[in-house]
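A.B. asks: Dropping the structure in here first, questions after.
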């Protein structure tokens, strides 16, 4: 749900909060990526023990595909949040210049 949100912050503070949440999601994805790598190792070990690994290979490909499908929206959201931060930072800097 967070990946599909169109909330990119209403001001610099809210953007920074969203970026911290984004970083937490990315950290969780990194942990899951290591788990997927572990699954690959287990699948390889199984394939060396048993020649009938079609089901295991299919499930592994499915997990890898789902994992890959999550990466793209995560990167896209990060890019939009960074652009939003840049915009809000520019507006704040501009306001500071006008006031001073």
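The values are calculated or read from the model by the stated rules, or taken from the named source; none is laboratory data. The structure presented is a predicted model; accordingly, all values stated were derived computationally and were not measured. Note that each Cβ is placed from the backbone with ideal geometry, even for glycine, and that neighbours are counted across all protein chains shown.
A.B. asks: Out of the stretch 34-62, which residues are under 28 Å from residue 20 (Cβ atoms) and surrounded by 14 or more Cβ atoms within 10 Å (Cβ to Cβ)?
C.D. replies: 36
A.B. asks: Now, a different point. Which of the residues belonging to the stretch 29-55 are closer than 19 Å to residue 72 by Cα and touching a residue at least 12 places away in the same chain (Cβ under 8 Å)?
C.D. replies: 29, 32, 33, 36
A.B. asks: What number goes with the only condition from (1) loosely packed, with under 11 Cβ neighbours inside 10 Å; (2) under 11 Å from the mean Cα position of the chain (by Cα) that residue 4 does not pass?
C.D. replies: For residue 4, the exception is condition (2).
Yes/no matrix, rows are residues, columns are (1) modelled with pLDDT under 90; (2) more than 25 Å from residue 2 (Cα to Cα):
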position	(1), (2)
24	no, no
27	no, no
36	no, no
51	yes, yes
76	no, no
93	no, yes
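A.B. asks: So residue 85 passes all but one of these: (1) free of Cβ contacts under 8 Å to residues at least 40 places away in the same chain; (2) farther than 15 Å from residue 2 by Cβ; (3) in a helix (DSSP H, G or I). Which condition number does it fail?
C.D. replies: (1)
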